[in-house]
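Have a look at the structure below before the remarks.
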Ligand code: NAD
Ligand code: WQD
């Protein structure tokens, strides 16, 4: 049994599918602050398997400990967290409280229940403005906003914990830019309000829900002047978690692992690939750079390949096709259509 905090969210729901399909049982613990239980009903439809669900907040130690103990889980995958960079600048305390205190509460609960295998969702944001590309895991760490600092603080807490007790098995997964959706079209990213990230914005423009994409910056030192990112299909990312659990079974440790493809694409390349996959035009205009953005970021995936035997299987065209299928089938995300 795997205990999945934040399992109803975008990456969590895709990971639940892959866990169930790999033969694991799953208990999701989520407060639905940025998701809906409908995603888990869809996970059950895709897999034909049941998901155990406990609605709760990771910052409620007693409820969390009870749920973890009752689940009988042997490992935890910890997705629960707030993730909007701009919001974290405006509401830093909310981010430190939810992400850092929430994780401390989880670690206490794991200690009380004698569960010492953990996979943590970190982010390429912990590399700050990259000094070299591709980014290897030994790249210096820094943060430029409260969200990134919560990830860095949690990583430090996990490293300290492992130093104090080498019986822990901890995988710190640093995601690059997850996009795409399950090929069934039943689960996908469901942003509330105006999307912060590129892919959901592009797909809403293609669907006619928003007028045009603003491309933030055309003067970066990149081949076409727009930002370059390492987009990774969310199903590949999900499979990386299943592989990490298998790796943690074998070895104690506290290891950071990049999950990216190693291939960078520009914002304009993504827009063109999306137009091709969807058959729609994506109107755009150029605007000033977004504060805090970096020119280019892409991973060295070598450690994941070596340690986990994991390689991403989906290219940019599949990422766009799957995002578009989800967008078309679920124009309001998980919210039911009116009337
Ligand atoms: P998401 O918002 O879709 O999922 C997070 C889930 O956690 C949601 O279901 C939410 O309701 C739940 N949650 C939040 N706070 C909680 C709390 N206090 N108690 C219980 N549940 C809580 O986000 P996602 O894109 O699936 O991201 C999952 C994790 O991966 C996050 O930790 C995020 O920081 C990290 N991450 C995401 C990206 C990305 O681009 N999506 C990139 C790098 C890292
Ligand atoms: C990608 C590119 C934008 C929207 C963020 C977080 C990071 C991680 C992933 C959680 C950039 C450009 C975007 C738009 C645009 N999340 N863009 N117009 O900034 O690489 O990473 O999400 O950990 O921490 O910072 O992703 O999708 O926001 O932007 O031109 O409307 O698209 O400027 O070059 P980013 P993104």
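Each reported figure results from applying straightforward, stated rules to the coordinates on display, with no laboratory input. These numbers were taken from a predicted model, which means no experiment stands behind them. Methodologically, a virtual Cβ is constructed for each residue, glycine included, from the backbone with ideal geometry; neighbour enumeration extends over all protein chains shown.
For region 21-133, compute Rg over Rh where Rg is the Cα radius of gyration and Rh is the Kirkwood radius from the inverse mean 1/r over Cα pairs.
Reported Rg/Rh, Kirkwood definition of Rh: 1.00.
Pulled fully out, how much extra length does the chain show between residue 291 and residue 112, if you take 0.36 nm times their separation in residues and subtract their Cα-Cα distance? Mind dumping the intermediate values first?
Details: separation 179, 0.36 × 179 = 64.44 nm, distance 4.23 nm.
Gain on extension, residue 291 to residue 112, equals 60.2 nm.
Assuming a viscosity of 0.692 mPa s and a temperature of 37 °C, what translational diffusion coefficient in µm² per second does Stokes-Einstein assign to region 291-337, Rh being the Kirkwood radius over Cα pairs?
Numbers: Rh = 14.1 Å.
Once the numbers are plugged in, D ends up at 232 µm²/s.
Where does region 254-339 land on Rg/Rh, using Cα atoms and the Kirkwood Rh? Let's see the in-between values first.
Details: Rg = 16.9 Å, Rh = 16.0 Å.
For region 254-339, the value is 1.06.
Sticking with the crude label model, points 7 Å out along Cα→Cβ, report the distance from residue 209 to residue 276 in nm, one decimal please.
2.5
Okay, helix-only estimate at 222 nm for the chain: each DSSP H run of n ≥ 4 adds -39500 (n - 2.57), divide by all residues, round to 500 deg cm²/dmol; what do you get?
Numbers: 11 runs with 126 residues, N = 339.
Calculated mean residue ellipticity at 222 nm is -11500 deg cm²/dmol.
For the chain, calculate the relative contact order in percent as a whole number, restricting contacts to Cα pairs under 8 Å that are 6 or more residues apart.
On the way: 676 pairs, mean separation 64.8, N = 339.
Result for the chain is 19 percent.
Determine which residues of region 117-149 fall in the zone a paramagnetic label at residue 93 would reach in this model, i.e. backbone nitrogen under 11 Å from the point 7 Å along Cα→Cβ.
none
Expressed as cubic angstrom per residue, what is the convex hull volume of the alpha carbon set of region 151-207? All intermediate terms of the calculation are to be shown ahead of the outcome.
Numbers: hull volume 7.6 nm³, N = 57.
Hull volume normalised by residue count: 134 Å³.
Looking at the chain, send over the antiparallel percent of its DSSP beta bridges, to the nearest 5.
Working: 2 of 41 bridges.
In the chain, approximately 5 percent of DSSP beta bridges are antiparallel ones.
If you take the beta carbon distance between residue 249 and residue 66 as r and set R0 to 25 Å, what does 1/(1 + (r/R0)^6) give as a FRET efficiency, to the nearest 0.05? Let's see the in-between values first.
Working: r = 26 Å, r/R0 = 1.03.
My answer for the efficiency is 0.45.
Please work out the Cα convex hull volume for the chain and give it in Å³ per residue.
Numbers: hull volume 43.9 nm³, N = 339.
Output value, Cα hull per residue: 129 Å³.
Give or take rounding to whole Å, what are the principal axis extents of the alpha carbon atoms in region 176-277, in descending order?
50, 37, 25
Only Cα pairs under 8 Å and at least 6 apart count here; give the relative contact order of region 92-148 as a rounded whole percent.
Values: 26 pairs, mean separation 21.7, N = 57.
Value for region 92-148: 38 percent.
Grab the eigenvalues of the alpha-carbon gyration tensor for region 180-222, scale each by 5, take roots, and send me the semi-axes largest first in whole angstrom. All intermediate terms of the calculation are to be shown ahead of the outcome.
Details: eigenvalues 105, 36, 18 Å².
So the three semi-axes of region 180-222 are 23, 13, 10 Å.
Nearest 10 degrees, 0 to 90: what angle lies between the long axis of helix 10-21 and the longest principal axis of the chain (Cα atoms)?
Approximately 60 degrees, to the nearest ten.
Among 20, 93, what is the fewest-to-most ranking by other Cβ atoms within 10 Å?
Numbers: 20 20, 93 8.
Least crowded to most crowded, the residues run 93, 20.
Stretched out fully, how many nm does the piece from residue 32 to residue 132 gain, at 0.36 nm a residue minus the Cα gap?
Working: separation 100, 0.36 × 100 = 36.00 nm, distance 3.78 nm.
Extra length available between residue 32 and residue 132 comes to 32.2 nm.
Let's test this: bin the Cα-Cα distances of region 72-207 at 10 Å from zero up to the farthest pair and state each bin's percent.
10, 35, 34, 17, 2, 0
Among 117, 151, which comes first, then next, by fewest other beta-carbon atoms within 10 Å?
Working: 117 21, 151 25.
Lowest count first: 117, 151.
Using a Gaussian network model of the chain whose springs link C-alpha atoms within less than 10 Å, name the residue from 280, 306, 21 with the highest mean-square fluctuation.
Its mean-square fluctuation being the largest, the pick is 306.
Any idea what the alpha-carbon Rg over 2.2 N^0.38 Å comes to for region 87-150? Mind showing how you got there, number by number?
On the way: Rg = 14.4 Å, N = 64, 2.2 N^0.38 = 10.7 Å.
Against the compact-globule rule of thumb, the ratio is 1.35.
So what's the convex hull volume per residue for the Cα atoms of region 190-339, in Å³? Kindly include the intermediate steps, with their values, before the conclusion.
On the way: hull volume 21.1 nm³, N = 150.
Hull volume over Cα atoms, normalised by residue count, gives 141 Å³.
Which three extents, in angstrom, do the Cα atoms of region 233-294 have along their principal axes, listed largest first?
Extents along the principal axes: 50, 31, 14 Å.
In nm, what is the difference between 0.36 nm times the number of residues separating residue 47 and residue 21 and their Cα-Cα distance?
8.7 nm
Mind pulling the angle between the C-alpha long axis of helix 102-113 and the longest principal axis of the chain? Nearest 10 degrees, somewhere in 0 to 90.
Helix 102-113 sits at roughly 30 degrees to that axis.
Specify the angular offset, from 0 to 90 degrees and rounded to the nearest 10, of the alpha carbon long axis of helix 316-329 from the longest principal axis of the alpha carbons in the chain.
Helix 316-329 sits roughly 90 degrees off the main axis of the chain.
Based on the Cβ-Cβ distance from residue 197 to residue 167, what FRET efficiency comes out when R0 is 51 Å, to the nearest 0.05? Could you put the intermediate results ahead of the total?
Numbers: r = 37 Å, r/R0 = 0.73.
According to the calculation, E is roughly 0.85.
How many nm is it between the label spots at residue 335 and residue 159, if each spot is 7 Å from the Cα in line with the beta carbon?
My value for the distance between the label points is 4.2 nm.
As an exercise, use a Förster radius of 22 Å and the Cβ-Cβ distance of residue 284 and residue 317 to find the FRET efficiency, rounded to the nearest 0.05.
On the way: r = 19 Å, r/R0 = 0.88.
Using R0 = 22 Å, I get an efficiency of 0.70.
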